[in-house]
1. In bins 10 Å wide, starting from 0, what share of all Cα pairs of the stretch 1-139 does each bin hold, as a percent?
2. Using a 1.4 Å probe over the heavy atoms of the protein chains, calculate the carbon and sulfur portion of the accessible area of the chain as a whole percent.
3. Net charge near GLY205: determine it from the other residues with C-beta under 10 Å of the C-beta of GLY205, scoring Lys and Arg +1 and Asp and Glu -1.
4. Looking at the chain only, what percent of DSSP beta bridges run antiparallel? Nearest 5 please.
5. Please work out how many pairs of lysine residues in the chain are eight or more positions apart (or on different chains) and have Cα atoms closer than 30 angstrom.
6. Once Rh is set to the Kirkwood radius over Cα pairs, what Stokes-Einstein translational diffusion coefficient, in µm²/s, holds for the stretch 184-235 at a temperature of 4 °C and a viscosity of 1.567 mPa s?
7. What is the sum of charges around ASP297, taking Lys and Arg as +1, Asp and Glu as -1, for the other residues whose C-beta is under 12 Å from the C-beta of ASP297?
8. Tell me the angle of helix 115-131 to the major Cα principal axis of the chain, expressed in degrees between 0 and 90 and rounded to the nearest ten.
Amino acid sequence: MTVADELLANLDKIVPWHLDLYQDLHRNPELSFHEVRTAGLVGDRLADLGYEVHTGIGGTGLVGILRNGEGPTVLARADMDALPVREATGLPYASTAVATDPGGRETPVMHACGHDMHVTCLLAAAELLAEHRPRWSGTFIALFQPAEELGTGARAMVDGGLADVIPKPDVALGQHVMGLPYDTVASRPGAALSAADSIRITLHGRGTHGSMPHYGIDPILLGSAVVMRLNAIVSRELPPGHFGVVTVGSFQAGSKSNVIPETTTLLLNLRSYDDRTRRQLRDAVERIVTAECEASDSPAPPDFEYTDPFPVTRNSPDVYEKVSAAFTEHFGDKAVLMEPSTGSEDFSDVPSALGVPYLFWIWGGFDPDTYHRAEADGTLSKVIPGNHASTFAPVMEPTFRTGAAAMTVAVLSYLSRPA
Ligand code: ZN
Ligand code: ZN
């Protein structure tokens, strides 16, 4: 029996408290950088467990530190924020919360990405470690970050002085619940999640009457040419089989049939698995947009505003080797190799800033039978909602148990003290 198994044999005792907390967090989701109540609950609990707690790091971020003698320092992270989504799960603990978004509009709020589950599972690992100190040694840091959904929360904690309050970790760990069976944990070495950039592009035309197009410069025609050209970047400029995504997610211009408007605004999303491709995609977008504006005799150069940047998540092969071996020991054949995901995370901003190797893995939140049947039928996308869907709802108890176990097993792969 491993030390992790020994600790996890006590999981039953803490499940009810944690599921209450999970439902409480789920009912009371908070938008990015507004995780005040969530951080308060987490901080109180960590303090009760004997952690040294530091709050208000990069806004609502906090850490709990448990020093337990000689040995490595392990940092484990959970994100706390929810999304502006109206919940449609029909669950008894569904959110009916509303909040004001950064644009000043009222919006429904929902934990549609499972960050409430991440918080609960990390607190469970923190509790098991606090209550079984003789079975491990070293230092454990539980980090709860704000605003993952904006891609800026981890960076805010770094800029907010994180390195001044924590000892330097030897390794950083993080996990995300996704559309897999709830008994399954998946990780991989190397690029695991893509880098992402969002770009707001303003194209300048010259407005005029719709009947007299020769007096104006039509930004809708200009925008259309840009969109067509942008869709050739991946197919014509990246080597075949090389991963990249260029999506135009929004095209806004004009409001009346007989008015040629002044501007067009495009919102783009780019994804890649390495810095070179990331740069290549950005450069190609800027080159094409600038050239199309010149071709249209645009009265002003285009404006590029980069928002919501996410780094690539590139797992350390050494950390992967150690933790995935521990996963296999604990989960057997339910510990699997993860397919690279096109999703993105800002988790790695903390370990990258601290110069620390890391592992980020995913685990499932859905009924295994339903999942495997849908996988065989090819109906997975109809049966299992994606993260951010209004119906995204991990099956509470088994998902919590797997996530709590995965975090505990991973942390103890570094900190356990064999009997
Ligand atoms: Zn998300
Ligand atoms: Zn997420």
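The values are calculated or read from the model by the stated rules, or taken from the named source; none is laboratory data. Note that this is a predicted model, so its numbers are computed, not measured. Here the Cβ positions follow ideal geometry from the backbone for every residue, glycine too, while neighbour counts run over all protein chains shown. Side chains are part of the model used for accessible areas, which takes the heavy atoms of the whole protein and leaves out ligands, DNA and RNA. Shrake-Rupley method; radii C 1.70, N 1.55, O 1.52, S 1.80 Å.
1. 11, 38, 31, 15, 4, 0
2. 51
3. Details: positive: ARG206; negative: ASP218, GLU262, ASP297.
Around GLY205, the charge tally is -2.
4. So the antiparallel bridges in the chain amount to around 70 percent.
5. Number of lysine pairs found: 5.
6. Numbers: Rh = 15.0 Å.
For these conditions, the coefficient is 86 µm²/s.
7. Details: positive: ARG206; negative: ASP218, GLU292, GLU294.
Taking every Cβ under 12 Å from that of ASP297, the sum is -2.
8. Once rounded, one gets 20 degrees.
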